[in-house]
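Visitor: Got a structure for you, questions after.
Throughout, read-outs are computed from the coordinates displayed, never taken from laboratory work. Remember, it's a predicted structure, so these values are computed and weren't measured experimentally. Cβ: placed from backbone, ideal geometry, glycine included. Neighbour counts: every protein chain shown.
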Amino acid sequence: MRNVLVTILGRDRPGIIHQVSRVLADFKLNVIEVSQTTLLGEFAGLFSCTLSSEINLIDLTQLLDQKLESSGLTQLVREVGAVPEDQVEVTTESYVVTVRGQGRPELIPEISGVLSSFEVNIDTLRAISLPTVPYHPGQRIVMFFELSVPRETNQAALREALKLAAKGLGMEMSLQHRNIFEAIHRL
């Protein structure tokens, strides 16, 4: 079995997940993970799949082009190597950084720069614009960074560096272990 990542982009509408997953199933791909979102009315989806060795990637790409062309969706198929599960060593812990305040262009580069300097990987980034309220002029935003933090990272130094960056941007910031974040935010 080979691992492939199928990326789908296009104008959002009902039925895209059904359409794409139907084509993948018809081609005998097993979907392992899906991540999709919409921004400004545009759909972006990532489908992690397994593909048997007898299936040709070129044939798959052509089939997707043919099946998706009329709906205005574009695709990119890429084979990706996977690390065997018995060789995966967990050397990171999951954390969540939440940043709140007035949106500004420097926000993502400043926070991601701090994270990069500590060799922290951003697994997921989600930014949500909040409704404007009378006592807060300008666009308010909340951002969630889901992180893989190396176990050897100096947690206090990371927290302090993030706090300083957020303060310099006029933002509120919190850093929590993912287990704590999920326990607090469980519905």
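Visitor: Enumerate by residue number the trypsin sites (Lys or Arg not before Pro) in the stretch 1-97 meeting two conditions: DSSP loop (anything except H, G, I, E, B), and at most 15 other Cβ atoms within 10 Å of the site's Cβ. Don't skip to the answer; put the middle values down first.
Guide: Values: sites: Arg2, Arg11, Arg22, Lys28, Lys67, Arg78; in loops: Lys28.
Those that pass, being in a loop and sparsely packed, are Lys28.
Visitor: What is the Cα coordinate range of the stretch 92-185 on the first, second and third principal axes, sorted by size from largest, in whole angstrom?
Guide: 44, 27, 19
Visitor: Next question, about the same structure. Please list 98-105, 141-148 highest first by mean number of surrounding beta-carbon atoms within 10 Å per residue. Intermediate values should be presented prior to the final figure.
Guide: Working: 98-105: 15.8, 141-148: 17.9.
The packing order, highest mean first, is 141-148, 98-105.
Visitor: Using only the Cα atoms of the stretch 2-80, construct the convex hull and provide its projected area averaged over every direction, in square nanometres to one decimal.
Guide: Details: hull surface 18.5 nm².
For the Cα atoms of the stretch 2-80, the hull's average projected area reads 4.6 nm².
Visitor: Label the chain by shape, choosing from rounded, prolate and oblate, from the square roots a ≥ b ≥ c of the eigenvalues of the Cα gyration tensor; if a/c is under 1.5 it is rounded, and otherwise prolate applies when a/b is larger than b/c, oblate when it is not. Display every interim value, and only then the final one.
Guide: Details: a/c = 2.76, a/b = 1.54, b/c = 1.79.
Oblate, because a/c is 1.5 or more while a/b does not exceed b/c.
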